[in-house]
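One structure below.
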Amino acid sequence: QVQLVESGGGLVQPGGSLRLSCVASRGIFGGYRMGWYRQAPGKQRELVGVVTIDGSTHLVDSVKGRFTISRDNAKNTMYLQMNFLKPEDTALYYCNAFHASSGHNYWGQGTQVTVSS
């Protein structure tokens, strides 16, 4: 069915930057809300940010001003630009696609981000 593939994770020092990408099956980006979530060991999965169908972006307070979320529907790709990374940003980052009317909800397998000296 619909597949989401994340990439761009890695090991970075505090204050560094990474850009995550999520590539989806053709056609879903035009009708789905896209979002990035993350999950650290021992914690529940939490929202990082979303990009609505019209391109509006929303980020949680803990990353606001440091992260930027965007989508390119023509490329079926969503991005998360992460700057000024902190150790508490360390987590497995997941791509999500959600269609509220139908309830369709898809997840990628995740990409690991580790922020450490």
*Can you tell me the accessible area per residue over segment 52-104, all protein chains present, probe 1.4 angstrom, in square angstrom?*
52 Å²
*Rank these residues by their accessible area, most exposed first, probe 1.4 Å: F67, F98.*
F98, F67
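Accessible area, 1.4 Å probe, largest first: how do D89, D72 sort?
Values: D89 0, D72 50 Å².
Descending order: D72, D89.
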*asked:* Could you compute how much accessible surface S25 exposes when probed at 1.4 Å, giving the result in Å² to the nearest 10?
replied: 40 Å²
*Could you give me the radius of gyration and the Dmax of the chain, taking only the C-alpha atoms into account and expressing both in angstrom?*
13.5, 44
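Whats the longest run of the chain with zero trypsin sites (Lys or Arg not before Pro) that are DSSP loop and have at most 11 other Cβ atoms within 10 Å? Display every interim value, and only then the final one.
Numbers: sites that count: R26, K43.
Answer from the scan: 44-117.
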*Mind jotting down the three principal axis lengths of segment 1-60 based on Cα atoms? Whole angstrom, largest first.*
36, 24, 22
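If E88, E6, E46 are ordered by their accessible area, calculated over protein heavy atoms with a 1.4 Å probe, which sequence runs from highest to lowest? List each step's numbers first, then the result.
Values: E88 125, E6 20, E46 85 Å².
If we order E88, E6, E46 from most to least accessible, we get E88, E46, E6.
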*If contacts are Cα pairs under 8 angstrom and at least 6 residues apart, what is the relative contact order of the chain in percent?*
36 percent
_Leading residue at positive end of dipole, segment 37-90 (Cβ point charges), from F84, L59, S70_ = F84
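Taking the Cα centre of the chain as origin and charging only Cβ (+1 Lys, Arg; -1 Asp, Glu), how large is the dipole, in debye to the nearest 20? Intermediate results must be reported in sequence, preceding the final value.
Details: 11 positive and 7 negative charges, 14 e Å.
Taking the Cα centre of the chain as origin, the dipole is about 60 debye.
The values are calculated or read from the model by the stated rules, or taken from the named source; none is laboratory data. Bear in mind that the values here come from a model prediction, so they are computed numbers and not experimental data. Cβ coordinates were reconstructed from backbone atoms using ideal geometry, including for glycine residues, and neighbour counts include every protein chain displayed. Ligands, DNA and RNA are excluded from the accessible area calculation, which covers all protein heavy atoms including side chains. Shrake-Rupley method; radii C 1.70, N 1.55, O 1.52, S 1.80 Å.
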